[in-house]
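The values are calculated or read from the model by the stated rules, or taken from the named source; none is laboratory data. Since this is a predicted model, take the numbers as computed values, not measurements. Ideal geometry is used to build each Cβ from the backbone, glycine not excepted, and the neighbour counts take in all protein chains shown.
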Amino acid sequence: MLNDTLLSPSRVGLLDLPNRLVMAPMTRNRADADGVPGALMETYYAQRATAGLIIAEAATPNAVGLTYPNIPAIYGPAHVTGWRGVTRAVRDAGGRMFLQIQHGGRVGHPDNSGLHPVAPSPVPLPDTIHTPTGPRPAVVPREMTEDDIRRTVEDFAAAARNAIDAGFDGVEVHSANGYLLHQFLGSNTNLRTDGYGGSVENRVRFTLEVTRAVVDAVGADRVGVRISPAVTANDLREDDTDALYPVLVRGLAEIGPAYLHVVYADPDAAVYQTIRELWPNVLVANPKLDEPTTEEVTAKAERLAEAGADLVALGRPFLANPDLVERLRTGAPLNEIQGRYLMYTGGATGYTDYPSLDPAALAEPRPEPRVAAPLAG
């Protein structure tokens, strides 16, 4: 049974949260072919509205940033209208919601976007990309010019304004998991020799410029940033993680977004401890889970809270458990995740058909809650 601390109210920016459990952004490929969310996505997110905060799945800020088929977008009027239906459904269910904004960079394909992918350097992803006709070899991306970089920064700011217009409480800038902003941070993906490459200070510049533009567009209280120190997703490598992230975090702290979201946070890792020491605002920590059982989720969430995390973001547990907060509160078992392929295919199966707890079970007497120390921050 989860302790009272993580079930207690909190605050991020100007937003009051009823608990400290965050639904992490998870790509689910349920938008239409043009990136417009529909009624099925409204149901999915509304089912999970008891999360302290929902961070909606990655939405692309422009066409060239598209990664895979049926990824949502946030750069056109139709996208705003579609997302407005989602945020209305979540709000009606009592929830709060940010939107993650993600540019895929080299993680994309002309068969998906109709455009040639761009990246910091012409270094292809050494893997296939899923397309409407099946897996295709990744192409060599075009190296971004400084004009490309400037326009992309502007696209992130415009996407943030669109998200607020669509009813989101805020946005999350995605600088993690091997996508475009993280590619500028990476040692093997950024081979530039201009002001955006080489030194740590140059490689963090793009993420800082995007964050500043987004903060200027919608206000610092409505912005978060996601990072993933040492994470090798999408074949990204960092040769200098311990030197890179203090520079990045200090730069972000000067800009002042409301939260920093750390992927696969390890409270015993030196880089995580440094980030916690340097970051002055809300820290959201996302644990790496092996098999998301009630016991593992509870133990890792509480360990992160003890190590100074203000909020804990959970992905797969929320995917399979629309009532995750109640399950963790009562110690109830979690649903098993249906076949992995169902995470990324269209339709309700493996998406909106996960059962909630039997109301009769909730009426049973519950054990006395454990007392926990308050979270730092």
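Filter segment 1-50 for residues that are more than 24 Å from Y259 (Cα to Cα), within 19 Å of the chain's Cα centre (by Cα) and small (G, A, S) and give the result.
Residues satisfying the conditions are A31, G35.
What single numbered condition from (1) under 27 Å from R96 (Cβ atoms); (2) surrounded by fewer than 17 Cβ atoms within 10 Å (Cβ to Cβ) fails to hold for V262?
The one condition V262 does not meet is (2).
Could you say which residue among R192, R237 is over 24 Å from K288 (Cβ atoms) and either surrounded by 16 or more Cβ atoms within 10 Å (Cβ to Cβ) or at pLDDT 95 or above (or both)?
Unique residue meeting the criteria: R192.
Exactly one of these conditions fails for L15: (1) more than 17 Å from F168 (Cβ to Cβ); (2) at pLDDT 95 or above; (3) in contact with a strand residue (DSSP E or B) (Cβ under 9 Å, 6 or more places away or on another chain). Give me its number.
Result: L15 passes all but (1).
Could you pull out the residue among I129, I164 that is more than 30 Å from A258 (Cα to Cα) and at pLDDT 95 or above?
None of the others qualify; the one that does is I129.
Against the condition surrounded by fewer than 17 Cβ atoms within 10 Å (Cβ to Cβ) and under 23 Å from L324 (Cα atoms), how does E277 come out, does it pass?
It is false that E277 is surrounded by fewer than 17 Cβ atoms within 10 Å (Cβ to Cβ) and under 23 Å from L324 (Cα atoms).
Within the bounds of segment 285-293, is there any residue that is touching a strand residue (DSSP E or B) at 6+ places or on another chain (Cβ under 6 Å) and in contact (Cβ under 8 Å) with a residue 24 or more places away in the chain?
Looking through segment 285-293, at least one residue is touching a strand residue (DSSP E or B) at 6+ places or on another chain (Cβ under 6 Å) and in contact (Cβ under 8 Å) with a residue 24 or more places away in the chain.
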